[in-house]
Amino acid sequence: MSTSSFANDLLTAALLGLAALALMVSAFVITNTFSVLLSQRTRELALLRTLGASRPNLLTIVLAESTVLGVLAASLGITLAYALWAIITSWAAHTLVFTFSLIPLGVTLPVCVAVTWIAALKPAYAASKVSPVQGLRDGVVQQVSAYGKRQGVIALLLLVASIVAYAVFMSKSSEHVPDGMEGTHSVQVLVVGIIAAALLCFAILTAAHKILSPLVKFWASLVARTLTGSIACKNALRSPARMVSTGRALLVGMMLIAMVLTGYVTLKASVTGFIQQTERPAAVLTFNDSKDTEDSSSTAHNSQNSESTAERYMHQAQDAQRRVQELLSVQSEAFVQYAGNLTCDDDSHTLTTSDGPVNEAGSNPSAAAGAPDHTDLPDAYAVSPQDIDVVLPGTSETILQGDVVVLPRSEQHALQGHKPPSFTLHGPRGDLRLTAVYSQTDDHTPYISRETAAKVQDLDHPQLLEGSSSTGESYVVVRAKQGLSSDESTELRNDLTDISRTTHGLYLAGILEIRAAVEISLIVIMYTILAIIALMVLISVLGVSNTLMLSAHERSRENALLRTLGLSRQQLRSAIMMEAILITLSALLVALIGGTLAGFILTRAITPQNIEIIYQIPLTEYCIAFFGALGIAVLASWVPSVRASKVSPVQALRED
């Protein structure tokens, strides 16, 4: 399986998982909505029972109604989805293509109708159990079954299963992977991690009836010490099943948000830390504009031009180095200068360069035999011994002692145990025999000390070797300080780009560019997922509103008595809003804890084993979520509270 195919399959699985969670949240809201509708029509249903309708008849009527509503709502949603996608593809026609297919319609419509039908089953069954006499006499009565030990046992079993799955996940994450099995092992770790996180989330949702009630009392003791707060707390605790149903809808949405935010900041910190530990520099400022060199076919003219060109590149690089030294986020920098060209003294050895393999004669093996040709000789670069650690991290300055050339480790591996060959450095002042030494880096250009380079090259006025196709480039290697924030990294990248532009150089990507690309990718993924989850939260808001509307409708007689005893409309509205706030804050606290733990597990599952996980908690985002939850609670409770406060006490008492 190719990498792109695997990524597409993974993205498809993630989107389908979010769709399944959206259906789950929708099911909670549909259940609450039908509870509200059927509670308001209890008298009507009771009258049908009096006229001879049986319980199965009422059940059939309600389920048929839910089926019709499901078909209409699903059809409207599918139509809007096709229209929205058509607009998006027309706006981004260069990257996206709209393709109409009936397959999504054939799958989505039955699934949505089935979810609606299943979600309406419980309130329909509860409404069919209301006796005709009770419904006609007492008005709105919704029997709520109390939670027993069964839910607690199920929650405990799910929690134990999640712990076991997590133990298996950690074991597989740390085990040795045989060569060639990395892809299969990564998939196994990902699957086990998803199972562990899912079991943890389901355990929390199942144990909501044991968690939310104490939390509602806790929040009430902190923020609801007034008369209206006491009424709100008692109203929330009076119907545990309805409170749990509302809390679960919020739990799913908020838990997913916490999971995504935690995963984002943790993955960002881990990948950033891994990138900073790599041997690649923060950036390289190169000065080798090839447009300043003339056609190498004219040897004399090229030699005359290249002298001034190589020297100008040197001065530009030195100017850039001085400016880089003034940047606070730079830890170290190194100036590297063109010194000459290399040939290998061993006919049987080929030195691989970016220009192709070069043999002892100084030309590509495919070149015609004849006099030595300097056209394709690999360049050698001069660097101060004290700066070699900047260019090649972990390399001691003693490696440049004597007339040596530092070659990459890959060249040593290519020898396969044979004696290292010697090399000859060619420069305008003559030739010099060099001994090969090898670094611990796999890929880099040949380096020599400035003292060695001065024997074949005037480093203050460098010139190209006659007939060479080299550009005579100089460059500055930049290392950034450890622990830079995202803003500091971006600022440093912008400063280096400005320096390269003002000094007429070329900015080559280093870890700063890699970090920026990773952060942009993570941000795009995060906001895409959060946009989908935001729809779930919106659905949850409707669920909270419907629950409060049902509660206010059921307590209309009680509210009328409170109004008769002196409770004002403002106080009644405050009590209903505070009830929503207490339930929302309780669900938010559980969701943040559960989502954080699940986010840690999933981040470890999707992160390669060679990257150390740096666990982070997005405290700023959590504070925003806290105040956002308060806004959601007020928004969801506004309509029910206003409607309840407008009912006249006399009218409510007379109707009941």
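The values are calculated or read from the model by the stated rules, or taken from the named source; none is laboratory data. Nothing here was measured: the structure is a model prediction, and the numbers come from that model. Using ideal geometry, Cβ is built from the backbone for each residue, glycine included, and neighbour counts are taken over all protein chains shown. The accessibility values were calculated without ligands, DNA or RNA, using every heavy atom of the protein model including side chains. Shrake-Rupley method; radii C 1.70, N 1.55, O 1.52, S 1.80 Å.
Only residues that are without any contact (Cβ under 8 Å) to a residue 24 or more places away in the chain and either small (Gly, Ala, Ser) or open to solvent by less than 50 Å² (accessible area, probe 1.4 Å) (or both) were counted in the stretch 48-80, giving 4.
From the list THR471, THR452, the one residue that fits, being open to solvent by less than 20 Å² (accessible area, probe 1.4 Å) and of a type in the set (S, T, N, Q), is THR452. Sub-6 Å Cβ pairs linking a first residue in the stretch 512-536 that is under 21 Å from ALA625 (Cβ atoms) to a second residue that is open to solvent by less than 40 Å² (accessible area, probe 1.4 Å) and modelled with pLDDT under 75, at least 6 apart or interchain, are ILE532/LEU18; MET536/ALA22; MET536/VAL25, ordered by first then second residue.
Can you tell which of ALA633, ALA587 is surrounded by 19 or more Cβ atoms within 10 Å (Cβ to Cβ) and modelled with pLDDT under 85?
Going through ALA633, ALA587 in turn, just one is surrounded by 19 or more Cβ atoms within 10 Å (Cβ to Cβ) and modelled with pLDDT under 85: ALA633.
Could you list all residues from the stretch 89-98 that are open to solvent by 60 Å² or more (accessible area, probe 1.4 Å) and at pLDDT 70 or above? SER90, TRP91, listed by residue number.
Among the criteria (1) at pLDDT below 85; (2) buried (at least 24 other Cβ atoms within 10 Å of the Cβ), the one GLY566 does not fulfil is (2).
If you scan the stretch 546-563, which residues turn out to be open to solvent by 20 Å² or more (accessible area, probe 1.4 Å) and either within 18 Å of GLY631 (Cβ to Cβ) or assigned to a helix (DSSP H, G or I) (or both)?
ASN546, MET549, HIS553, GLU554, SER556, ARG557, GLU558, LEU561, LEU562, ARG563
Do the conditions hold for ALA414, that is, is it of a type in the set (Gly, Ala, Ser) and modelled with pLDDT of 90 or more? Against the criterion (of a type in the set (Gly, Ala, Ser) and modelled with pLDDT of 90 or more), ALA414 does not qualify. LEU15 satisfies every condition listed in (1) open to solvent by 60 Å² or more (accessible area, probe 1.4 Å); (2) of a type in the set (A, V, I, L, M); (3) under 25 Å from ILE118 (Cβ atoms); (4) at pLDDT 70 or above except (4). Output the number of residues of the stretch 475-528 satisfying the condition of being in a strand (DSSP E or B) and of a type in the set (D, E, K, R). Count: 1. Checked across the stretch 395-406, the condition of being outside any strand (DSSP E or B), over 19 Å from THR278 (Cα atoms), open to solvent by less than 60 Å² (accessible area, probe 1.4 Å) and modelled with pLDDT under 85 holds for no residue.
Here is a yes/no grid of residues against (1) in a helix (DSSP H, G or I); (2) modelled with pLDDT of 75 or more:
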| site | (1), (2) |
| --- | --- |
| GLY253 | yes, yes |
| VAL260 | yes, yes |
| LEU285 | no, yes |
| ALA300 | yes, no |
| ASN305 | yes, no |
| THR309 | yes, yes |
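Starting from residues that are of a type outside the set (Ser, Thr, Tyr) and surrounded by fewer than 21 Cβ atoms within 10 Å (Cβ to Cβ), keep the ones in the stretch 378-394 and report whichever is nearest to the chain's Cα centre (by Cα). Looking at residues that are of a type outside the set (Ser, Thr, Tyr) and surrounded by fewer than 21 Cβ atoms within 10 Å (Cβ to Cβ), I get PRO393. From the residues in the stretch 596-614 that are of a type outside the set (A, V, I, L, M, F, W, C) and at pLDDT below 90, which one is surrounded by the fewest Cβ atoms within 10 Å (Cβ to Cβ)? Only one residue tops the list, namely ASN610. Taking every residue in the stretch 492-503 that is farther than 15 Å from VAL330 by Cα and open to solvent by 20 Å² or more (accessible area, probe 1.4 Å) and pairing it with any residue that is at pLDDT below 90 and not in a helix (DSSP H, G or I), at least 6 positions away or on another chain, the pairs with Cβ-Cβ distances below 9 Å are ARG501/TYR507.
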